[in-house]
Amino acid sequence: AYRGELSTSFRKAPCSDCFLGDCSDNQCSFGVSYQEGSNWTAVESIENCYLGGLHTAPVTAKTTTTSTTNDAWDPREAPSYSFDLRFGCQTQITGDFRRQMADGIAGFNVGRFSIWNQMYLANRIEARAFSLCFQRRTKVRRSGTESGVLTLGGTDEHLHTNTMVYSESDTNGGFFSVKLRKMYLRQSDGGD
């Protein structure tokens with residue numbers, strides 16, 4: 001879990017700067033309730049971060065050396081890809097969130113404060129786009145399961161062999177949705 005008190009760049013959004021919620025108890029608070037009954041509340045926060053490759057140690061401007069590769073996977077280049085991310089630090093959760101393996105929620109809706117849109121507005125990605133490449137795994141582990149790739153700013157042609165197929169989407173209410181014409185269900189034994 002993320003612990004803001006361990007970061008030198010973490011800060012709570014001041015009440016004069018609430019974008020996601022409303023000021024209450026001298027902090028910007030907001031929350032979401034879901035149809036099945038789960039909900040969460042959070043404090044609006046800001047943290048300087050970057051989204052890149054796997055690294056075994058934190059990267060700071062003091063440890064950075066300029067390389068000629070300009071590679072986002074290179075931890076030495078992290079400060080040049082960083083941006084101030086506005087997000088919610090959860091203070092309360094109910095329902096299914098208590099039982100799920102997930103540790104937080106990433107915002108990929110069409111809203112102004114979705115992660116990918118904040119990166120675009122900060123000029124850290126070239127296009128106002130993201131893509132997901134899913135992979136099915138038969139077993140999952142609590143420690144994590146390699147199950148796909150998220151590409152921010154477009155698509156990665158190396159991840160698929162067939163031409164990408166697009167669907168018209170409806171962004172009603174800020175969420176992405178597609179209209180389904182058919183759905184196929186597989187039996188739990190893996191049969192057709």
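The values are calculated or read from the model by the stated rules, or taken from the named source; none is laboratory data. Worth saying up front: this structure is predicted, and the values here are computed from it rather than measured. Virtual Cβ from ideal backbone geometry, glycine too; neighbours counted across all protein chains shown. Protein only, heavy atoms only, side chains kept; ligands, DNA and RNA dropped before computing areas. Shrake-Rupley method; radii C 1.70, N 1.55, O 1.52, S 1.80 Å.
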**Request:** All but one of (1) of a type in the set (S, T, Y); (2) at pLDDT below 85; (3) open to solvent by 60 Å² or more (accessible area, probe 1.4 Å) hold for S67, so report the exception by its number.
**Result:** (3)
**Item:** Single residue of the stretch 9-21 satisfying the filter (assigned to a loop (DSSP other than H, G, I, E, B) and at pLDDT below 90) that is surrounded by the fewest Cβ atoms within 10 Å (Cβ to Cβ)
**Value:** F19
**Complete:** Of the residues in the stretch 22-51 that are touching a Cys at 6+ places or on another chain (Cβ under 7 Å) and either assigned to a loop (DSSP other than H, G, I, E, B) or closer than 19 Å to A106 by Cβ (or both), the one that is most open to solvent (accessible area, probe 1.4 Å) is N26
**Request:** Would you check which residues across the stretch 3-14 are out of contact with any Ser or Thr (no Cβ under 8 Å at 6 or more places or on another chain) and closer than 17 Å to F113 by Cβ and list them?
**Result:** P14
